[in-house]
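Each reported figure results from applying straightforward, stated rules to the coordinates on display, with no laboratory input. Just so you know, these numbers come straight off a predicted model, no measurement behind them. Glycine gets a Cβ as well: all are built from the backbone with ideal geometry, and neighbour counts include every protein chain shown.
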Amino acid sequence: NKGGLIVSFGEMLIDFVPTASGVSLSEAPGFLKAPGGAPANVAIAVTRLGGVSAFVGKLGDDEFGHMLAGILKENGVYGEGICFDKGARTALAFVTLRADGEREFMFYRNPSADMLLTPEELNLDLIRSAKVFHYGSISLIVEPCRSAHLKAMEVAKDAGALLSYDPNLRLPLWPSAEEAKEQIMSIWEKADVIKVSDVELEFLTGSDKIDDETAMTLWHSDLKLLLVTLGEKGCRYYTKNFRGAVDAFHVKTVDTTGAGDSFVGALLCKIVDDQNILEEEPRLREVLRFASACGAITTTKKGAIPALPTESEVLSLIGG
Ligand code: ADP
């Protein structure tokens, strides 16, 4: 292990994925359990690459919650920031890609344990020791975890951490699109590094033109790096002094779940000990190439966590 601590805050859950492809949820012959939740994926992406990370969030004190905590531990993610709710259950999601190409979701969150994390339950010493603090926006949807999220961000920032934000919009989880946009933008200007997908760019700006002008409407004066990821079309980057694009790698994609989390984990791993990378374009491009390779490899296997690459897998794609 090497490098400074990356703390990832938010939800961890189990995705139930049909054992047959192209079926609706009600037709599924059975389900496979796929651990997920973007912040947890990021924490594991970091350790798989040899970095140091901790996960902060709440799980149910049930079979699924302990299974998820075990997965973090097996992957070398520090668990001192995890707590268990005595009453509520671990969040579950049922997700399928139907034959008509539409995604169908069903969530068990009424409320699930992750939503019940309180500010008092935060491990503040752990958060204060973060060099990078990463988060999404699902933890902003309801109280008390919204207050916990805001406090954790503030404590990390006051202690000098770099703040990394991937809004990771999951619209079906929000009461309304307006509410999602409002909450996501309410913490926008705190972040040092922000990654959005093309879909999120469109949602947040209200413009269907995915270009530099649209991206720059999301710029704020303290931002160090804005990234727009475009799946197999690569990514675009924006800093105060330069902007550009990095192509994606050509791979045999089977499942894109977790590509963005893998990309973010890789990026954070590289900048945690040397933030100068954010100011030197050739070095930033090299890091984004590395992160793009991570994203690409993650699409070559089913599921998110099992597909996250090691550094040697990444180097063999980049070199080859
Ligand atoms: P998100 O999962 O957040 O929507 P993306 O799908 O854009 O994010 O993926 C992040 C990065 O991973 C992309 O910028 C790209 O470099 C890589 N990536 C994603 N999908 C593919 C793909 N199908 N082929 C190659 N690279 C991919």
State the dimensionless ratio Rg/Rh of the chain (Rg: radius of gyration of Cα atoms; Rh: Kirkwood radius). 0.94
Packing rank of 257-266, 147-156, 52-61, where each peptide gets the mean count of other beta carbons within 10 Å, highest leading: 257-266, 52-61, 147-156
Hey, got the dipole for region 102-222? About the Cα centre, +1 on K and R Cβ, -1 on D and E Cβ, debye to the nearest 20? 420
So, in Å, what gap is there between the alpha-carbon centers of region 69-112 and region 32-51? 12
Test of understanding: what is the full-extension gain from Glu120 to Glu232, defined as 0.36 nm times their sequence separation minus their Cα-Cα distance? 36.1 nm
Largest-first ellipsoid semi-axes for region 1-73, taking √(5λ) over the Cα gyration tensor eigenvalues, angstrom: 28, 14, 9
State the three equivalent ellipsoid semi-axes of region 238-311, derived from the C-alpha gyration tensor as the square roots of 5 times its eigenvalues, in descending order and whole Å. 24, 13, 9
Estimated FRET transfer efficiency (Arg243, Gln275; beta-carbon r; R0 22 Å; 0.05): 0.75
Please arrange Lys301, Lys240 by how many other C-beta atoms lie within 10 Å of their C-beta, fewest to most. Lys240, Lys301
Counting only residues 5 or more places away or on other chains, whose amide H sits under 5 Å from the amide H of Ala93 once H atoms are built in the peptide plane? Ile14, Asp15, Phe16, Tyr108
Within region 26-47, list the residues whose amide N lies under 19 Å from a label point set 7 Å along Cα→Cβ of Glu74. 31-47
If the chain between Glu182 and Ser26 were fully stretched, how many nm would it gain, using 0.36 nm times the residue separation less the Cα-Cα distance? 52.8 nm
According to the Cα gyration tensor, what semi-axes, each the square root of 5 times an eigenvalue, does the equivalent ellipsoid of region 182-320 have, listed from largest to smallest in whole Å? 24, 18, 13
Cross-link pairs Lys209/Lys233; Lys190/Lys240; Lys73/Lys151; Lys58/Lys190; Lys33/Lys195; Lys195/Lys240 - those with Cα-Cα distance over 18 Å: Lys73/Lys151; Lys58/Lys190; Lys33/Lys195
note: region 72-175, Cα-Cα separations exceeding 20 Å make up a percent value of 48
